[in-house]
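> Got a structure for you, questions after.
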Amino acid sequence: MGRLTGSRAPLVGALTAEGISVVGTRISMIAIPWFVLSTTGSATQTGLVAAAEIAPLVVFKALGGPLLDRLGPRRVTLACDLLSAVVVGAVPLLHDLGLLSFPLLLCLVAVAGALRGPGDAGKGAMAPEIARVAGYSLERVSGLGSAIERTSSMGGAALAGLLVASVGAAHAIYVDAATFLVSFVVLAVTTRGLGQPVPPERDADPTSYATELRQGWDFLRTDPVLVAICAMVAVTNLVDQAYVAVLAPVWARESGAGVAVLGTLFAVMSGASVVGALVAARWGETLPRYRTYVLAFLVCGAPRYVVMALESPLWAVFAVTAVAGVASGFLNPILGAVILERIPPHLLGRVTSLETALCFSLMPLGGILGGLAATGLGISPALLLAGAAYLLATMAPTRVPSFRRMDRVPAVDARTEPRQDTAAPA
């Protein structure tokens, strides 16, 4: 294999770091709910732990936009990865020492979520610069990133099932902590010189943090396409969070399938989505965004919940999940390209952080509502209810005209274009 050129090194490094990080996140996504279920037996407490992680993630992601622009997304991401390794590693360590109470677990996962918010936002904010340096389109970079994410999710989910079954849920979390350290090293080595702070405009008066945050919000709220995407994805993320954090683990336990089958199910979903993501990376630029987006969401949503609720045989659950996975692989490349191309470079950190936070804003309720539904209604009715909510949300693009503008590239106007005398990045 030839030597890696400098222009491609940041792309390869960012994709590698993301893949490693996703493996760890996937392990925790299975290990932590199973750990809570096995130690407390409570679906409600399992949902509370999920909410404790997601709520600060949303808040700090929303508030961290100006920080990314001021300090630079690379610096913020590296700091968050390093601190996350310490916080996540403390969970199994304290458990082994007999010092991990449920309130302390809630605090640790809350801190981990708070760090993950700006850390993930920083990686996303670097994507346009990395694409430009590599000479790739946003669709291609988003598609490659999605393929790496899905592949890592598949491997992480399968590994999680094996680790939890062999060494226990608590000890499996050590691997997640280690992935943060590896991701930190890879990103630090391969992205030097990128992700710098946004330079201030010449002769411009200093602005406050609140003013910069408001500038991002003012841009976001006036773009109807971004607003429509935020609203719809917030609902689907809520349902998906209920599924991942509570409904699927409870289904695996009550049906007798077990944690190994749960990990395999998540791995099948992720593995199949790699196929969709690779197709999107290769031919995404030629596909109609709106139609592909609607069809993919319809296929990857409600059917998964219904087949599990009807107590179908495992082969049917896996088959439906595989088809859903292929469809879901098309979503992130489309969303990534639409979102990034609509935001001017000088507002990228602020707007992407707010946009992602809004998409995540209902996720804290997902774990709580999933726990309450599984406890109060039973797992099958809870899954049917979740599937119905998903179906309603995925029909939104057919009723809201703003979604049809996803196929258009917005013209840059005087309101969004940065001043010509802006200093060049370092």
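The values are calculated or read from the model by the stated rules, or taken from the named source; none is laboratory data. Quantities reported herein were computed from a predicted structural model and do not represent experimental measurements. With ideal geometry, Cβ positions are generated from the backbone for all residues, glycine too; neighbour counts draw on all protein chains shown. Calculation scope for accessible area: heavy atoms of the full protein, side chains included, ligands and nucleic acids excluded. Shrake-Rupley method; radii C 1.70, N 1.55, O 1.52, S 1.80 Å.
> Quick test for you: out of THR352, THR292, pick the one residue that is in a helix (DSSP H, G or I), in contact (Cβ under 8 Å) with a residue 12 or more places away in the chain and surrounded by fewer than 24 Cβ atoms within 10 Å (Cβ to Cβ).
Testing whether each residue is in a helix (DSSP H, G or I), in contact (Cβ under 8 Å) with a residue 12 or more places away in the chain and surrounded by fewer than 24 Cβ atoms within 10 Å (Cβ to Cβ) leaves just THR292.
> Can you report the number of residues in region 56-72 which are open to solvent by 10 Å² or more (accessible area, probe 1.4 Å), under 16 Å from PHE360 (Cβ atoms) and charged (D, E, K, R)?
Here the count works out to 0.
> Given the residues GLY47, GLY119, GLY13, GLY124, which is the only one that is in contact (Cβ under 8 Å) with a residue 12 or more places away in the chain, part of a helix (DSSP H, G or I) and within 25 Å of VAL167 (Cα to Cα)?
None of the others qualify; the one that does is GLY47.
> Right, next: State which residue is least open to solvent (accessible area, probe 1.4 Å) when the search covers only region 374-400 and only residues that are out of contact with any Leu (no Cβ under 8 Å at 6 or more places or on another chain) and of a type in the set (S, T, N, Q).
Once the filter is applied, the top-ranked residue is THR398.
> Related question: Exactly one of (1) touching a residue at least 60 places away in the same chain (Cβ under 8 Å); (2) open to solvent by 10 Å² or more (accessible area, probe 1.4 Å) is unmet by SER146. Its number?
All conditions are met except number (2).
> Next question. Yes or no: region 239-253 includes at least one residue that is under 16 Å from MET154 (Cβ atoms) and open to solvent by less than 20 Å² (accessible area, probe 1.4 Å).
yes
> Give just the number: which of (1) at pLDDT below 90; (2) within 22 Å of PHE184 (Cα to Cα) does PHE102 not satisfy?
For PHE102, the failing item is (2).
> Moving to a separate point now. Would you mind stating whether ARG75 is at pLDDT 85 or above, open to solvent by 20 Å² or more (accessible area, probe 1.4 Å) and under 19 Å from GLY19 (Cβ atoms)?
For ARG75, the condition - at pLDDT 85 or above, open to solvent by 20 Å² or more (accessible area, probe 1.4 Å) and under 19 Å from GLY19 (Cβ atoms) - is not met.
> Condition check: in a loop (DSSP other than H, G, I, E, B) and touching a residue at least 40 places away in the same chain (Cβ under 8 Å). Does ILE343 satisfy that?
Yes: the conditions hold for ILE343.
> A follow-up question, please. Any residue that is open to solvent by less than 40 Å² (accessible area, probe 1.4 Å) and either more than 14 Å from ALA245 (Cβ to Cβ) or among the polar types (S, T, N, Q) (or both) - is there at least one of those in region 29-39?
So far as region 29-39 goes, no, none of its residues is open to solvent by less than 40 Å² (accessible area, probe 1.4 Å) and either more than 14 Å from ALA245 (Cβ to Cβ) or among the polar types (S, T, N, Q) (or both).
> Identify, by number, the condition in (1) assigned to a helix (DSSP H, G or I); (2) of a type outside the set (Phe, Trp, Tyr); (3) at pLDDT below 90 that ALA411 doesn't meet.
Only one criterion is unmet by ALA411, namely (1).
> Name the residues in region 154-168 that are open to solvent by 10 Å² or more (accessible area, probe 1.4 Å) and either modelled with pLDDT of 85 or more or in a helix (DSSP H, G or I) (or both), would you?
Passing the criteria: MET154, GLY155, ALA158, LEU159, LEU162, LEU163, VAL164, ALA165, SER166, VAL167.
> Return the residues of region 80-105 that are open to solvent by less than 50 Å² (accessible area, probe 1.4 Å) and either of a type in the set (S, T, N, Q) or out of contact with any Phe, Trp or Tyr (no Cβ under 6 Å at 6 or more places or on another chain) (or both); say none if nothing qualifies.
Of everything in region 80-105, those that are open to solvent by less than 50 Å² (accessible area, probe 1.4 Å) and either of a type in the set (S, T, N, Q) or out of contact with any Phe, Trp or Tyr (no Cβ under 6 Å at 6 or more places or on another chain) (or both) turn out to be CYS80, SER84, VAL87, VAL88, GLY89, ALA90, VAL91, LEU94, LEU100, LEU105.
> While we're here: Pick from VAL320, VAL299: which is open to solvent by 40 Å² or more (accessible area, probe 1.4 Å), touching a Lys or Arg at 6+ places or on another chain (Cβ under 9 Å) and without any contact (Cβ under 8 Å) to a residue 40 or more places away in the chain?
Among VAL320, VAL299, only VAL320 is open to solvent by 40 Å² or more (accessible area, probe 1.4 Å), touching a Lys or Arg at 6+ places or on another chain (Cβ under 9 Å) and without any contact (Cβ under 8 Å) to a residue 40 or more places away in the chain.
> If I ask for residues that are open to solvent by 50 Å² or more (accessible area, probe 1.4 Å) and among the hydrophobic types (A, V, I, L, M, F, W, C), which ones from region 254-278 would you list?
ALA260, VAL275, LEU278
Here's the yes/no breakdown for (1) of a type in the set (Gly, Ala, Ser); (2) more than 30 Å from VAL261 (Cα to Cα):
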position	(1), (2)
GLY113	yes, no
GLY119	yes, yes
GLY124	yes, yes
GLU129	no, yes
MET154	no, no
ALA160	yes, no
SER166	yes, no
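> Test of understanding: among GLY263, GLY276, GLY271, GLY256, which residue is without any contact (Cβ under 8 Å) to a residue 12 or more places away in the chain and of a type outside the set (Asp, Glu)?
GLY256
> Looking at this structure, is ALA127 farther than 16 Å from VAL22 by Cα, over 16 Å from the mean Cα position of the chain (by Cα) and open to solvent by less than 30 Å² (accessible area, probe 1.4 Å)?
no
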